[in-house]
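The values are calculated or read from the model by the stated rules, or taken from the named source; none is laboratory data. Not measured: the values here are computed from a predicted model. Cβ: placed from backbone, ideal geometry, glycine included. Neighbour counts: every protein chain shown. Just so you know, the surface numbers come from the protein's heavy atoms only, side chains and all, with ligands and any DNA or RNA stripped out. Shrake-Rupley method; radii C 1.70, N 1.55, O 1.52, S 1.80 Å.
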Amino acid sequence: MDPLNHLTYADDTIILSSADPYSLRKIVDVLSKYEHTSGQMINKTKGSFYMHSNVSSTVSSSIGTINGFSRGEFPFTYLGCPIFYIRRRKDYYNDLIKNVKAKLHSWKGKLISYGEKATLISSVLQNMPTHILSVIDPPKNVLEHIHKTFARFFWSNKEEGRSRHWTKWQNLCLPKEEEGVGFRSLHDELPTTVQFRQGYRVWRKILEAREEVEHEILWEMNRVSTNVWHENWTGLRALYHIVPNDYTINEDIQEVAELRVDDTWDEQLLAQSFPTEIAQHIRQEVPFDTTEDSWDVPRWMPTPSGKFSDTF
């Protein structure tokens, strides 16, 4: 299979290239031939070239001279999806959240029944994030924010502010035969928190065994997308089960990545979010050699190799 070198949709095109002057000139030649053949001129004021922030200004200037485009900055949006190379941030998905709220605003003030709201959520609102979710994996706090927006609309006509929610969003996502509304949850439930409702006996047995098994799985950080409270990433078990009962859990923090600032721990957030001994353990014992290139990896603590086996 040939390597990917361009993405094209309608009049939006991304061309992937090395910074080698010969390659860049060949691309410029192809674009010039397109202009000559089609009679259409490429508007270079609407295009940009993108490079890693560490690339020197000399190289960047040379590339701009060859291709005639100005340098753009990451992140940028292509077909509604944020394009970036550093860790995921909530503000990269502001356009998606704004689009959902704009749709809600267009319905503001209208008398809509619960049945009509359920139809609008299922047929309109939940389809809006589908495109992005099919190609990228947003931070969980983005999905939580969207879920809360849907829930506020379902229980009241207000886009913001408080309203009485008669049941949790997770319950609304249950099938109608299980007393839910049948909404789709935009993310999978954590194995440590999913509840047995109905299903096969094998599934019930799996959930019963998780109290013994789940805490023996240590998550090795790469994208640091592991859940802060319900998955074992410190080697101490899931933190939800070991913090004191009277300790207030900051549930606004969902992913381990949110505890980081650039290439180090956010010391202030560690101190605010965990008891002193747990914060100290994270600083001293949790590795920080992470990479965005691969997913977090589960390791089986009872074996020296960390590999899973068919025995327990």
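Values as computed for the structure displayed
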quantity	calculated
Accessible surface of M301 - all protein chains present, 1.4 Å probe, nearest 10 Å²	80
Accessible surface ranking that places the most exposed of E255, E35, E216 first, with a 1.4 angstrom probe	E216, E35, E255
Accessible heavy-atom area order of W219, W169, highest first, probe of 1.4 Å	W219, W169
Whole-percent carbon and sulfur share, accessible surface of segment 212-283, 1.4 Å	43
13 Å beta-carbon shell around S53, net charge (K/R +1, D/E -1)	-1
When each of K117/K148; K110/K176; K110/K148; K103/K148; K168/K205; K101/K148 is checked by Cα-Cα distance, pairs over 23 Å	K110/K176; K168/K205
Fully extended contour minus Cα-Cα distance, from D252 to W107, at 0.36 nm per residue	49.3 nm
Overall Cα dimensions of segment 8-150 - principal axes, largest extent first, Å	62, 38, 24
By accessible area with a 1.4 Å probe, ligands and nucleic acids excluded, highest first: order of E220, E208	E208, E220
Heavy atoms of T248 accessible to a 1.4 Å probe, total area in Å² rounded to 10	120
Nearest-10 value in Å² for the accessible area of K98, using the 1.4 Å probe	130
